[in-house]
Amino acid sequence: MNFEYETEKQRRIAQFAAELKPMHYRTVQVVNDCCFAIINERTVDDSSTSALTANTQAEKKAVVTIGDTLDDLFVDDNDSSFEMEGWDDDGWREENSDRFVQIIFLEHHFEMDLPRTTLWPNEAKTILRNRSNFFFLGSRAQTNNHSGTTRSTDIHRATIRDFNPLRKAYVHGDFHSVADDIAYIFFTLWRFPIDSTLYLTTFGGGNNWDNGKPLN
């Protein structure tokens, strides 16, 4: 059973990587602007709306755990090593909201973006503890705009205030790393069954390439 699960997990990782591979070309050759990919637990009604600016809602979806031993991965909410400003702020996931990850493709790199609306605090702590190079956007004094230059604007301040996304940057071409992180978040952290159907939406520069494409 464990062998079958690991084999299927590797297939899903390869699937995510293959679906994201065209996004670099689209970003730098097709639209010459930032592009987005959203992998959601359900179809997104408006594929042109960034998950950074819209919190889509869904009915609560029951998922199947893959073993009680996964509980050992989670960080205790009372863990003092994570005592920092912002953990008690509003804006964390509500019970009926979507589970999704968003990937932002820029000219020189790309980033995974996890708004707090899709996370609970203990899940954010778990990602920071168990996965490398994640950080909260609000923890960085300077942020990069979508053209690659440094700025600090009202838009970024509003994004930090409303979503303060958990973020990780990747070099172009490293699709296996981001796919591995996506698989960890959906199948290990959020405990979706490994054969769950997820939905891909990709867009940028007025183009919509995938609108709720099923991935299973």
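Somewhere in segment 16-33, is a residue at pLDDT 90 or above and basic (Lys, Arg)? Looking through segment 16-33, at least one residue is at pLDDT 90 or above and basic (Lys, Arg). Here the condition is being under 22 Å from ALA124 (Cβ atoms), within 13 Å of the chain's Cα centre (by Cα) and either at pLDDT 95 or above or of a type outside the set (Val, Ile, Thr) (or both); of PHE192, PHE186, it holds for PHE186 alone.
Considering only residues in segment 96-139 that are free of Cβ contacts under 8 Å to residues at least 60 places away in the same chain, charged (D, E, K, R) and part of a loop (DSSP other than H, G, I, E, B), the one that is farthest from LYS168 (Cα to Cα) turns out to be ASP98. For segment 119-175, how many residues are modelled with pLDDT of 70 or more and β-branched (Val, Ile, Thr)? The number of residues fulfilling the criteria is 3. Considering only residues that are more than 16 Å from PHE36 (Cβ to Cβ) and outside any strand (DSSP E or B), which ones fall in segment 202-216? Within segment 202-216, ASN216 is the sole residue that qualifies.
Can you tell me which residue among ALA169, ALA179 is touching a residue at least 60 places away in the same chain (Cβ under 8 Å) and under 17 Å from CYS34 (Cα atoms)? Matching residue, one of ALA169, ALA179: ALA169. Residues in segment 21-41 that are more than 19 Å from TRP190 (Cβ to Cβ), of a type outside the set (D, E, K, R) and touching a residue at least 40 places away in the same chain (Cβ under 8 Å): 11 in all.
Residue check: is TYR199 closer than 15 Å to PHE110 by Cβ, outside any helix (DSSP H, G or I) and of a type outside the set (Lys, Arg)? Against the criterion (closer than 15 Å to PHE110 by Cβ, outside any helix (DSSP H, G or I) and of a type outside the set (Lys, Arg)), TYR199 does not qualify.
The values are calculated or read from the model by the stated rules, or taken from the named source; none is laboratory data. Everything numeric here is computed off the predicted structure, so don't read it as measured data. Quick reminder, even Gly has a Cβ in these numbers, built from the backbone with ideal geometry, and neighbours come from all protein chains shown.
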